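One structure is given below, encoded as structure tokens.
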Amino acid sequence: MQHTISVIVENDFGVLSRVATLFSGRGFNIDSLSVAPTNEDGLSRMTIVTRGDAQILEQINKQLNKLIDVLKVLDFSDGSAIERELALIKVAAEDDARAEVLRIVDIFRAKIIDVTPKSYTIEATGNPLKIDGILELLRPLGLKEVVRTGAVAIGRGAKGWNG
């Protein structure tokens, strides 16, 4: 089962390394990891997507909470968060495929951000399933390159790290 964990940490040297070491040292894989400063000085938010059963998730949460620089661990695996991801997608767009690429981009409310005679570069944002969906439709047309940020998540309503 996939789990999305949001971790509020002090924005200090080595925190990312300690979190990554925690995962690798216990044989847990990180599917995606995003880190950026929060609206509060000196704090950052890590959004970690990982896989495992309830026991593994419980162990991850306990281990994260033991780290000195970790202020709060939020488990968003219950669907209590809004998740978004950004993907930059370069797709072949020869003469006969251009119209089909444009239709797919329109359906997914994505944007063409670069055009060359042989390709389009697309910016797509949305939940990870939406990104998977646009990639599935573009794949037969000739994906040249894909870059994904990984998920970021924020609690719905009042659920948050400081509320």
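Brief remarks on what is shown
- Set of lysines near Lys62 by C-alpha distance (under 18 Å), chain-local residues within fewer than 8 positions excluded: Lys72
- Each residue, Asp106 and Arg148, gets one label point 7 Å from its Cα in the Cβ direction; the gap between the two is 2.7 nm.
- The GNM of the chain, with springs linking C-alpha atoms under 10 angstrom apart, assigns the highest mean-square fluctuation among Ile134, Ile113, Ile89 to Ile113.
- In plain terms, the chain is cut at each of the GluC sites (Glu not before Pro) found in a DSSP loop with at most 15 other Cβ atoms within 10 Å, and the longest leftover piece is 95-163.
- The range 51-71 and the range 98-148: distance between their alpha carbon centers, rounded to Å: 36 Å
- Adding -39500 (n - 2.57) for every DSSP H run of four residues or longer, then dividing by how many residues the chain holds, sets the calculated 222 nm ellipticity at -9500 deg cm²/dmol.
- Furthest towards positive pole of dipole, Gly133, Thr121, Ser32, structure part the range 21-153, Cβ charges: Ser32
- FRET efficiency for the Thr21 to Lys118 pair, using the beta carbon distance and R₀ = 41 Å, is estimated at 0.40.
- Difference of contour (0.36 nm per residue) and Cα-Cα distance, Glu58 to Glu10: 15.1 nm
- Estimated distance in nm for a label pair at Arg98 and Ala36, the labels positioned 7 Å out from Cα along Cα-to-Cβ: 3.4 nm
Computed from the coordinates by the stated procedures, all read-outs in this text should not be read as laboratory data. The shown structure was predicted, so the numbers you read here are calculated from the model rather than taken from an experiment. Neighbour counts are summed over all protein chains in view; Cβ atoms, including those assigned to glycine, are modelled from backbone coordinates with ideal geometry.
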